[in-house]
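Please read the structure below before turning to the comments.
No value in this document is a laboratory result; all are computed from the given coordinates. These numbers come from a predicted model, not from an experiment. Cβ sites come from the backbone with ideal geometry, for glycine too, and all protein chains shown count toward neighbours.
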């Protein structure tokens, strides 16, 4: 039975906190409004009680779940260790901060493992730095998990008749799943200060997406193809009416709460008639291309090597269902990825493809 009390819609799963919840009558501070999900007043009411906790983070390891993350290696694969990459002096402060956060959350611990991958910083869209581990050599000797990721076109087929949408983005998705104890040493990484290993599934390991997709399918099995779409860490709730959407959204939030899966509030969007999801714009009228993604294709720099041509064809191919005869149009570019040729005229062919 779905709970109908509105207090339950305050979404405590969004932020885990040990502090006393803010009274419902409290007034949200102006600088906190920007952290609320986009949507109407109903979404505002759902998150108001948690407004004073929007900066809190998950403070401990995830609970035991149905599955753990495993790293199965090809036979006789030896431990791999690499010399640490150089970290620029300007990045040292951020490096120490993020490393300490991982330690405080009990997501990593000091290691004596014979394994050791290097780490590096990757700049995010907002200009901030993400600490990443270069697991390419580990991935090379890892047996690939063949668990299927859903085809996006098939996911969208079930949205016919939907008019109201909510999108939920999970916080630090991979860190919400433990690693099998025997495989923890394989996640070790080296720094200029010390040697550490992950206790939770880190970003960058080849089987992480498939494993997390497996978990999410187990969690939402009863609701898929009814009012929920899940693609790894992205959740879309869809309904034909606002009344039904309130019930559907409540079920999803309750499920997340029970499973102790936490979302990133600033990326959630509630009660929308049109929503960006998996590179598309979804509304009552159907599914269309996301103008921002199209802009990225239009502004793509001239390919200078086979790898860049392949990347461009892959990006453009994401929208091939909207382009009649895409395979034929893209054939000149596809051929360039199959043999060593000069890339003269790529700009012209690219223009034909986009048109």
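Let's test the formula: R0 of 22 Å, r as the Cβ-Cβ distance of residue 154 and residue 67. What FRET efficiency results, to the nearest 0.05?
0.40
For the stretch 128-220, what does the equivalent ellipsoid look like in terms of its semi-axes, each the square root of 5 times an eigenvalue of the Cα gyration tensor, given largest first in whole Å?
Values for the stretch 128-220, descending: 31, 16, 12 Å.
Determine, for each peptide in 259-270, 129-140, the mean count of other beta carbons within 10 angstrom over its residues, then list the peptides with the highest first. Spell out each step's value before the answer.
Details: 259-270: 19.4, 129-140: 16.7.
Packing order, densest peptide first, comes out as 259-270, 129-140.
Relative contact order for the stretch 190-316 using alpha-carbon pairs under 8 Å, separation at least 6, rounded to a whole percent?
Reported as a whole number, the value is 10 percent.
Between residue 163 and residue 321, take the C-beta separation as r, use R0 = 30 Å, and let me know the FRET efficiency to the nearest 0.05. Each step should come with its number before you reach the end.
On the way: r = 23 Å, r/R0 = 0.76.
Result of the calculation: an efficiency of 0.85.
Given an 8 Å cut-off on Cα distances and at least 6 residues of separation, report the relative contact order of the stretch 229-299 as a percent.
The value is 15 percent.
Please report 235, 74, 323 as a ranked list, fewest other C-beta atoms within 10 angstrom at the top and most at the bottom.
74, 323, 235
Taking the Cβ of each residue in 216, 250 as the centre, tally the other Cβ atoms inside 10 Å and list the residues starting with the fewest.
250, 216
What nm distance separates the two modelled labels at residue 74 and residue 206, each placed 7 Å from Cα along Cα→Cβ?
Distance between label points: 0.8 nm.
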